[in-house]
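Below is one structure; the comments refer to it alone.
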Amino acid sequence: MSAVTKLANSTFYCLIVAVLGLFHSGCSKDGSSDTEQFVSSAEAVRPDAQILMQTFYWDVKPEGTWWDTISSKLDSWKSSGVTALWLPVVSKGQSGIHSMGYDPYDYFDFGQYDQHGSIETRFGSFAELKSLIVRAKARNFKLIADIVLNHNSGGDLEYSPYSKKSYWTRFSPRSGKFFRSFEDFHPNALHANDEGVFAEFPDLCHHTENVKDWLYNRPDGIGKYYRDSLQFDGWRFDYVKGFSPSVVKSWNAAVGGISIGEYWDGDVNLVNNWCKAANSAAFDFPLMYAMKAAFDGLNLAELQSKGLIAANPAQAYTFVANHDVDEISVASKPLAYAYIMVAEGTPCIFYKDFEAGLDKVKLNQLIWVKKNLAAGSTKTLLSSQYEYILRRNGTPGVIAYFNINNSDVSRRVQSNWANTLLKDYTGANADVSTDASGMATITCKGKSYAVYAPKELN
Ligand SMILES: [Ca+2]
Ligand SMILES: [Ca+2]
C-alpha cells in the first residue's frame, strides 16, 4: 500500500518519486490527488437520478396476487425516492399461473383469457394489473415492461419443411393477436438460425413481416399497445444475446421509450458494443462482477475503471442482484449498494434486498445521496486493496470512502470545496473542515463506507 495519501506531505513524496523516475506508477496509479490543482469551480452538473426498482424475484408465489402486493408498496417506494418500476412479464406463458413469464405464449393475455391452465397469470388478473398501472401512474412512476423476444413457448406441434421435423411452433393465442407458425421460427425461409437459442424453446425469427408487424410496427402490436394502452414507458429486453441488436434498435426507432438490455456478460466491451448497435442502455453486469471481486474477493482495487459506468455511464443500469443472479454476499451488499448510489449510472434496486434483506433506512439514505449529491464526472482519489475513495465532481458532488479493514481508517484527500464544513451523510463520522486548498482528512469506520459532502447544501 502506498503512503501517498496517508496523512503525509505527499506533494513532497511525489516530487521525490518523480525525481526517482517513478512518478507515473507511484502517484497517478494510486489516484492521489495531491498533484492535482484545486478545482475552484466544480462542474455545474446537478444530480438527475432515476431510481429503478425491480419489483419481483424468481419465486414470487404463484397465487395471482403479486400486482396487488406491488400496489401496496407504491407509497413507500415513492417516499424512498424510487422513480421507475420494472414489472415482471405481464403476459401469459406456457405454464399459466406457474409461469414467471419467460416462456411467452400470448403477448396479449394479461390474465383475462382461460388458456394454459389458468385465467390469471402468476402475478394476477388483467384487472389487477390495470389497477396497479393506474395507481403507479398517479404517483408518477415510470413503468418498465419485461419483454421476452428471443423465444416462445407453449405452441402446438406442427411439421416444418425447413427442419423436416415437427416442433411446437403453431401459436393460436386466445387474444386473437400474433398468430405464429413455423415460418416465424428458425430455421425458416430467411435464416437457419440467429445469434442464440434459449434451451429448447422455439427460436423466434424477428425478420418475417408477421413478426416485425406484431413486435413493433402495428399500432396494436406489442410495442405500441404496451406503450399506448398499458402506458408503459420503457422496456427491459430479456436475453438480448439471443438475437441481433438491430431488433432492439428497430423497436426503439418505431416505439421509443426507455430501453434496457439484459446482455448477461462480464465483458464490458461486448456489453458496450451491444448498447451502441441496439441504441439502448444495458444492465451493468461487468460492474456487478467487479463489485463481487472487490467486496467479496477483498480487493477494492477491482472497482477502478470497471463496469459499463466507466465506458458508457449514460447507458449503464447498475445493480447488485436480480431475479437470476444474486451472488454478492449479504455481508457485502451494503457496500455494493453504497457504491452504485455514489457512482455514475442509473441504479436498480432488487425487491428482495429492499423489502426483505437489507437495512431499509440505510438504503433510503443512499437513495437520497444518489438523488441529491452524486453528480458529475468521477475521479478516483485512492484505489488500494482495502480502501477506495472516489469523488464526484458535479454540484454539490460527493466524496465516498470504502473500507474493508476491520479498523477505522483516515485519509487526507482533495475535495472540490475550500474552507467548507463537510458532513458524513451516513451519520457515522464527525464533521470535518476543508482548508483553503480544499484538503480535508476524512474517516471511514471498519468494514463500512462514508459519504462526505458540504453540510450546508444550496
Ligand atoms: Ca388475483
Ligand atoms: Ca434467437
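Each reported figure results from applying straightforward, stated rules to the coordinates on display, with no laboratory input. This is a predicted model, so every value here is computed, not measured. Cβ sites come from the backbone with ideal geometry, for glycine too, and all protein chains shown count toward neighbours.
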Considering amide H positions built from the backbone, and no H for Pro or chain starts, which residues 5 or more places from ASP265, or on another chain, come under 5 Å of its amide H? PHE285
Can you compute the FRET efficiency between TYR159 and ASN393 using 1/(1 + (r/R0)^6), with r the Cβ-Cβ distance and R0 = 45 Å? Round to the nearest 0.05. 0.10
Column: log10 I(q)/I(0), Debye, Cα scatterers of region 241-400, q = 0.09, 0.13, 0.14, 0.15 Å⁻¹: -0.29, -0.61, -0.70, -0.81
9 Å beta-carbon shell around TYR102, net charge (K/R +1, D/E -1): -3
Straight-line reach from LYS165: which aspartates and glutamates have Cα under 17 Å away, leaving out those fewer than 8 places along the same chain? ASP156, GLU183, ASP184, GLU200, ASP203
Which translational diffusion coefficient, to the nearest whole µm²/s, is obtained for region 349-458 from the Stokes-Einstein equation, given a Kirkwood hydrodynamic radius over C-alpha pairs, 37 °C and 0.692 mPa s? 229 µm²/s
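Among bridges DSSP assigns within region 42-194, what percent are antiparallel (round to 5)?
60 percent
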Determine the sum of side-chain charges near VAL268: Lys and Arg each +1, Asp and Glu each -1, restricted to other residues whose C-beta is under 11 angstrom from that of VAL268. -2
May I ask what percent, to the nearest 5, of DSSP beta bridges between residues of the chain are antiparallel? 60 percent
Expected sort for THR55, THR420 with the fewest Cβ neighbours (10 Å cutoff) up front is THR420, THR55
Shape verdict for the chain, please, from the Cα gyration tensor: rounded (a/c under 1.5), prolate (a/b greater than b/c) or oblate. prolate
Obtain the nm distance between the two label points defined at GLN231 and LEU190 by a simple spin-label model: each point lies 7 Å from its Cα along the Cα-to-C-beta direction. 3.4 nm
Of the listed pairs LYS73/LYS137; LYS249/LYS371; LYS241/LYS370; LYS362/LYS447, those with alpha carbons more than 19 Å apart are LYS249/LYS371; LYS241/LYS370
Can you tell me the length gained on complete extension of the stretch SER181 to ASP408, counting 0.36 nm per residue apart and subtracting the Cα distance? 75.3 nm
Given only helices, namely DSSP H runs of n ≥ 4 each adding -39500 (n - 2.57), what is the per-residue ellipticity at 222 nm of the chain, to the nearest 500 deg cm²/dmol? -6500 deg cm²/dmol
Just add up the charged neighbours of ILE404: K/R +1, D/E -1, any other residue whose Cβ is under 15 Å from the Cβ of ILE404. +1
FRET efficiency for LYS276 and VAL45, Cβ-Cβ distance as r, R0 = 35 Å, nearest 0.05? 0.90
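Please report TYR57, TYR317, TYR102 as a ranked list, fewest other C-beta atoms within 10 angstrom at the top and most at the bottom.
Listing TYR57, TYR317, TYR102 from fewest to most nearby Cβ atoms yields TYR57, TYR102, TYR317.
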Skipping prolines and chain starts, which residues have an amide H placed within reach, meaning under 5 Å, of the one on ASP103, given they are 5 or more residues away or on another chain? GLN94
